[in-house]
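Contents: one structure, followed by commentary.
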Amino acid sequence: MSPIPDGELTGRYGSPLYVYDLDRVTAARDALYAALPDGFTLFYSLKANPHPGIVRALREGDRPCRAEVCSTGELASALEAGHEPAAVLYSGPGKTAAEMAVALDAGVRTFSVESPGDLRRLGAVAHGRGIRAQVLIRVNSAAAAATTSIRMTGTPSQFGFDAEGLPEVLPELLAVPGVEVVGAHFFPLSNSKDEDSLIAEFEATIASAARLEAELGLPLRMLDIGGGFAAPYSVPGERPVYGRLRAALEKALDEHLPRWRQGGIEIACESGRYLVGVSGRLLTTVTNVKESRGRTFAILDAGINTLGGMAGLGRLLPLAVEPRGADGADTENVTVSLAGPLCTPGDLLSRSVKMPAPRPGDVIAVPNVGAYGPTASLLTFLGRPAPVEVLTRGGEVVSASRLVSSRADITTGVQ
């Protein structure tokens, strides 16, 4: 079935508007499972997009994803989407005692811990409830295997236990009341630039985990090797195909942790952007066009409050757009600066997009923003309303909702 025209969608639901294709979400999940060895556990990292409809789509089917959350808000989305709390992994470096209590009371039993204080805090909260939480020790490896991508390890970091310090602290960690150490959690990189880098990091992670078990006695009933799976963001393109990953992982596991084939250790990985990134696009309308000292500015109804809030800190997106003229006509491309509606000079989505000469009323589309969209933006800055988020399946709208902000919190509401 043909997708609904952008102009029809914005006419029905307003602008700016996020549109997520659930068929593309489930296709990405199935593709990633096919690239992994049989028996792997796959977590969906809700930080990429916590919309309950997307989380539910990834939970359903023959090979569902489990949920990895970093806040009580993400936990609420996971539970709303039907996840069993006992299957949720709760991670993050800033878990408070109050948040741990909420998670434990909801039925969460598995946590990734990042420091001795994090583990002791969880132990105290769990012990006070007569519960024994299962924990994965997150490890900050001493070295990195890949030379590209967003580094998450091998440097001083708020994430994880420094690997070289584990021999000194591990005996204490194993004795903390209220917790049981059951494995290790690694997350060495994000958005890997190529398959070679991804494989190299996973190989190093598996070897490191095996050494920690053999040399330190780290319990290893579960090993989360992290993620790093890539996807284009705000530019055209498709998610990568990992044709060599399955065989490489099997070889590394056979060499270092051969009992994995008999189910003697649960192997997990996690993904956010790969699973949902290419599913979404942002529709935004040109409200005004102006010339200023030789530059053309298209003023949009979407800015850093809607997409890529880090642009407000000077980190402009590598953004491209798919023009959709009000009358369907395209003209010769010109260079345009895309500015949002906020009264700050930082509200620029791009300084130099090539597109047909913009006109007020044009609807343009930013592709591949199913991950790190509204909830990764400066959503409440200047008090503008959040964009509506529409879910489609088979070319039909299945839901429409808007994040409603208040001075207390942000919750999901239906328009």
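The values are calculated or read from the model by the stated rules, or taken from the named source; none is laboratory data. The structure presented is a predicted model; accordingly, all values stated were derived computationally and were not measured. Glycine gets a Cβ as well: all are built from the backbone with ideal geometry, and neighbour counts include every protein chain shown. Side chains are part of the model used for accessible areas, which takes the heavy atoms of the whole protein and leaves out ligands, DNA and RNA. Shrake-Rupley method; radii C 1.70, N 1.55, O 1.52, S 1.80 Å.
Odds and ends about this structure:
- Scanning the range 198-215 for residues that are within 20 Å of residue 244 (Cβ to Cβ) and either outside any helix (DSSP H, G or I) or open to solvent by less than 10 Å² (accessible area, probe 1.4 Å) (or both) yields 198, 201, 202, 205, 206.
Residue by residue, here is whether (1) closer than 16 Å to residue 273 by Cα; (2) at pLDDT 95 or above; (3) among the aromatic types (Phe, Trp, Tyr) holds:
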residue: 54; (1), (2), (3): yes, yes, no
residue: 57; (1), (2), (3): yes, yes, no
residue: 61; (1), (2), (3): no, no, no
residue: 67; (1), (2), (3): yes, yes, no
residue: 78; (1), (2), (3): no, yes, no
residue: 81; (1), (2), (3): no, yes, no
residue: 97; (1), (2), (3): no, yes, no
residue: 106; (1), (2), (3): no, yes, no
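- Residue check, residue 302 open to solvent by less than 50 Å² (accessible area, probe 1.4 Å), touching a Gly at 6+ places or on another chain (Cβ under 9 Å) and in the same structural domain as residue 389 (by the TED database): yes
- Residue 172 passes every criterion in (1) within 24 Å of residue 253 (Cβ to Cβ); (2) among the acidic types (Asp, Glu); (3) at pLDDT below 95 apart from (1).
- For residue 338, the test of being assigned by the TED database to the domain that holds residue 286, in contact (Cβ under 8 Å) with a residue 24 or more places away in the chain, part of a loop (DSSP other than H, G, I, E, B) and under 13 Å from residue 307 (Cβ atoms) is failed.
Quick grid of which residues meet (1) over 22 Å from the mean Cα position of the chain (by Cα); (2) under 16 Å from residue 140 (Cβ atoms); (3) of a type in the set (D, E, K, R):
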position	(1), (2), (3)
167	yes, yes, no
177	yes, no, no
184	no, yes, no
190	no, yes, no
208	yes, yes, no
216	yes, yes, no
228	no, yes, no
256	yes, no, no
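- Verdict on residue 224 being touching a strand residue (DSSP E or B) at 6+ places or on another chain (Cβ under 6 Å), charged (D, E, K, R) and not assigned by the TED database to the domain that holds residue 364: yes
- Selection status of residue 33, open to solvent by less than 40 Å² (accessible area, probe 1.4 Å), under 19 Å from residue 240 (Cα atoms) and touching a residue at least 24 places away in the same chain (Cβ under 8 Å): yes
- Meets criteria (surrounded by fewer than 23 Cβ atoms within 10 Å (Cβ to Cβ), under 30 Å from residue 24 (Cα atoms) and of a type in the set (A, V, I, L, M)) for residue 176: no
- Residue 349 vs. criteria open to solvent by 70 Å² or more (accessible area, probe 1.4 Å) and aliphatic (A, V, I, L, M): no
- Residues that are farther than 18 Å from residue 41 by Cα, in a loop (DSSP other than H, G, I, E, B) and hydrophobic (A, V, I, L, M, F, W, C) within the range 216-241 comprise 218, 230, 231, 235, 241, listed in sequence order.
- Residues in the range 256-293 that are among the charged types (D, E, K, R) and either in contact with an Asp or Glu (Cβ under 6 Å, 6 or more places away or on another chain) or more than 26 Å from residue 51 (Cβ to Cβ) (or both): 259, 261, 266, 270, 290, 291, 293.
- The range 234-267: number of residues that are open to solvent by 70 Å² or more (accessible area, probe 1.4 Å) and among the charged types (D, E, K, R): 7
- Elements of type helices (runs of 4 or more DSSP H) in the range 1-118, at least 2 residues being aromatic (Phe, Trp, Tyr): none
- Matching residues, the range 334-346, being of a type outside the set (A, V, I, L, M) and surrounded by fewer than 23 Cβ atoms within 10 Å (Cβ to Cβ): 335, 337, 341, 343, 344, 345, 346
- The set of residues in the range 268-285 that are β-branched (Val, Ile, Thr) and buried (at least 24 other Cβ atoms within 10 Å of the Cβ) comprises 276, 278, 284.
- Inclusion of residue 29 among residues that are within 16 Å of the chain's Cα centre (by Cα), basic (Lys, Arg) and farther than 23 Å from residue 187 by Cβ is not warranted.
- Residue match in the range 67-75 (condition: on the phi < 0 side of the Ramachandran plot and in contact (Cβ under 8 Å) with a residue 40 or more places away in the chain): yes
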